[in-house]
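Notes for the one structure printed next.
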2 protein chains.
Amino acid sequence: MNENSLMKVAIIGSGNVAWHLSKALSHKVELFNLNPRTFEGMPSGIHKIDIALLCVKDDIIEKIAKELPRLNPEIIAHTSGSIPMSILSKYNPRYGVFYPLQTFTKHTDLIYSDIPFFLEASDQEGLEILQKLSYLVSEKVFFANSEQRKKLHLASVFACNFTNALVDISSDILMDTGIPYQALLPLLSQTIEKLTHISPAQAQTGPAIRDDQMVINSHLEMLEHYPIYKDIYSLLSDYIRNRRLKENHKNQI
Amino acid sequence: MNENSLMKVAIIGSGNVAWHLSKALSHKVELFNLNPRTFEGMPSGIHKIDIALLCVKDDIIEKIAKELPRLNPEIIAHTSGSIPMSILSKYNPRYGVFYPLQTFTKHTDLIYSDIPFFLEASDQEGLEILQKLSYLVSEKVFFANSEQRKKLHLASVFACNFTNALVDISSDILMDTGIPYQALLPLLSQTIEKLTHISPAQAQTGPAIRDDQMVINSHLEMLEHYPIYKDIYSLLSDYIRNRRLKENHKNQI
């Protein structure tokens, strides 16, 4: 790879991740967008590329990887949180993972420089290539092996997918009040903002951490006819209470 | 109340809400900060005030309200999400609720104009006084009766207190990876940001909404030794899946 020329990057995929990575990398690399079914989009004059980036669903990563040798890539990498790097080992001597921790929706503006990238590669040189690519997008570049990345993915399901579900429940609770769920968003933003400065254990507020049984019981009563909401309320309140007891116990030792 | 003079407002309390409301209202009203135990802080020359604002814990609102006649207020109001307005009815002819939906921590910067205020009053004139006060702080002023406010408070426990608990769990899952939970915050901010444009039902992502059993099972396996996390994961995933089935069903009708 010539240090002064642009990297040649093929992005294979047509989903949200492909769309955003293409946008974030445009003008910064020589970019080829390839259709994952036909591999159309590769100009005939190109005989070698630096990176083939697989931005496809988890369950077809391996199938598409089999087709990559025809691109003659220096390194192939997938962008999935939950798939181990080793799935690529048979299809190219050098391989890795280029995992952007973000929720991507097409045609939504994102501050790309804020996105943390988690990298893994089969060897040091592979890591350096992926690192060079990620620094073109963001300054938040980390390394994570497949085991760490799997935990990261699980953590993001709790922090993000489940948070969205909680707002969905809130929205349902507010349904007949005429108050839109959007009224909760400034509070929610502040809840997240706080966590840049203090840990979630320190930031916890609400009836469960105060062990305010009067409020908890009145909430459970309101949820009488919503058994699943009631279960979620009880379970998360128990978690918060036990967490506090554990913290107190730790402080006493 | 003379339209051209500043409102005279007494804030009773020494907690986070009192601290922030005092900051938000300073220079905009004639402000008296009163100690909730001694009522010290009231200059002797003042014989009548416009608003006495009770920023104290839920369980002492009534006790402190009994002391308010000595301030000779036009209206008394509490700032609690879960306490009905009627608790104040015995202590002043005109009474109400001035509820800012926000999580307050002292010495933290807040954009006050973003905070939604939910108002309730015993009569129209009381409502107008509280409305005038809230517009000094924010443009987001709503009305909510005690029943609506109770639901709002419950909804905010789901959306905010429980979200914080989920990040706490994420933080624990990441503990031994060396990756700080802060790496999740851009993703979490984007999760919230999305909800300004699309509903939580439309915004839902993750393995549960895709019904991706492979990923769900691998996550449950990782949580094998954390029974409470496993229960929370299962319950929220079930919720998301059922929600999707319900939506699909609705679309089919």
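Contact map, the stretch A:120-135: first residue more than 10 Å from residue A:75 (Cα to Cα), second residue in a helix (DSSP H, G or I) and not acidic (Asp, Glu), Cβ cut-off under 8 Å, separation 6 or more or different chains; pairs are A:120/A:85; A:120/A:127; A:120/A:146; A:120/A:149; A:133/A:25.
Criterion applied to B:113, B:122 was being over 27 Å from residue B:68 (Cβ atoms) and not basic (Lys, Arg), and the one residue passing it is B:113. Just one of the listed residues (B:21, B:68) is of a type outside the set (S, T, N, Q), touching a strand residue (DSSP E or B) at 6+ places or on another chain (Cβ under 8 Å) and more than 23 Å from residue B:135 (Cβ to Cβ), namely B:68. For the stretch B:74-100, filtering for residues that are within 11 Å of chain A (Cβ to nearest Cβ) and more than 16 Å from residue B:25 (Cα to Cα) leaves 5.
For the stretch B:86-115, the tally of residues that are over 15 Å from the mean Cα position of the chain (by Cα) and either farther than 24 Å from residue A:205 by Cβ or surrounded by 15 or more Cβ atoms within 10 Å (Cβ to Cβ) (or both) stands at 12. Note on the stretch B:12-40: residues that are at positive phi and either touching a helix residue (DSSP H, G or I) at 6+ places or on another chain (Cβ under 9 Å) or surrounded by 14 or more Cβ atoms within 10 Å (Cβ to Cβ) (or both) total 2. Of the residues making up the stretch B:147-177, those that are more than 7 Å from chain A (Cβ to nearest Cβ) and touching a strand residue (DSSP E or B) at 6+ places or on another chain (Cβ under 9 Å) are B:149, B:153.
Taking the stretch A:221-230 as the range and being surrounded by 16 or more Cβ atoms within 10 Å (Cβ to Cβ) and either assigned to a helix (DSSP H, G or I) or facing chain B (nearest Cβ under 7 Å) (or both) as the test, the residues that pass are A:222, A:229, A:230. Filter the stretch A:166-178 down to residues that are among the hydroxyl-bearing types (Ser, Thr, Tyr) and modelled with pLDDT of 95 or more and give me whichever is nearest to residue B:161 (Cα to Cα). For the stretch A:166-178, the residue satisfying everything is A:170. Mind checking which residues of the stretch A:17-66 are closer than 17 Å to residue A:96 by Cβ and of a type in the set (Gly, Ala, Ser)? Listed by number, the residues that qualify are A:52, A:65.
If you go through the stretch A:178-201 one residue at a time, do you hit one that is in contact (Cβ under 8 Å) with a residue 12 or more places away in the chain, at the interface with chain B (Cβ under 7 Å from one of its Cβ atoms) and surrounded by fewer than 19 Cβ atoms within 10 Å (Cβ to Cβ)? Yes, there is a match, as at least one residue in the stretch A:178-201 is in contact (Cβ under 8 Å) with a residue 12 or more places away in the chain, at the interface with chain B (Cβ under 7 Å from one of its Cβ atoms) and surrounded by fewer than 19 Cβ atoms within 10 Å (Cβ to Cβ). In this entry, residue B:151 passes the filter for residues that are basic (Lys, Arg), without any contact (Cβ under 8 Å) to a residue 12 or more places away in the chain and touching a Leu at 6+ places or on another chain (Cβ under 9 Å). Annotation: of all residues in the stretch A:202-218 being crowded, with 18+ Cβ neighbours inside 10 Å and in a helix (DSSP H, G or I), the one that is farthest from the other protein chains (Cβ to nearest Cβ) is A:216. With respect to the conditions (1) of a type outside the set (Ser, Thr, Tyr); (2) within 9 Å of another protein chain (Cβ to nearest Cβ); (3) surrounded by fewer than 19 Cβ atoms within 10 Å (Cβ to Cβ); (4) touching a strand residue (DSSP E or B) at 6+ places or on another chain (Cβ under 8 Å), residue B:118 lacks only one, and its number is (3). Checking each residue in the stretch B:123-139 for being touching a helix residue (DSSP H, G or I) at 6+ places or on another chain (Cβ under 7 Å) and surrounded by 17 or more Cβ atoms within 10 Å (Cβ to Cβ) picks out B:137, B:138. Being in a loop (DSSP other than H, G, I, E, B) and either buried (at least 18 other Cβ atoms within 10 Å of the Cβ) or in contact with a helix residue (DSSP H, G or I) (Cβ under 6 Å, 6 or more places away or on another chain) (or both): is that true of residue B:5 here? Spelling it out, it is not the case that residue B:5 is in a loop (DSSP other than H, G, I, E, B) and either buried (at least 18 other Cβ atoms within 10 Å of the Cβ) or in contact with a helix residue (DSSP H, G or I) (Cβ under 6 Å, 6 or more places away or on another chain) (or both). Any residue that is in a helix (DSSP H, G or I) and within 22 Å of residue B:91 (Cα to Cα) - is there at least one of those in the stretch B:27-40? No. Checking each residue in the stretch A:41-60 for being in a loop (DSSP other than H, G, I, E, B), among the β-branched types (Val, Ile, Thr) and surrounded by fewer than 18 Cβ atoms within 10 Å (Cβ to Cβ) picks out only A:46.
The values are calculated or read from the model by the stated rules, or taken from the named source; none is laboratory data. Quick caveat: nothing in here was measured; it's all calculated off a predicted structure. Ideal geometry is used to build each Cβ from the backbone, glycine not excepted, and the neighbour counts take in all protein chains shown.
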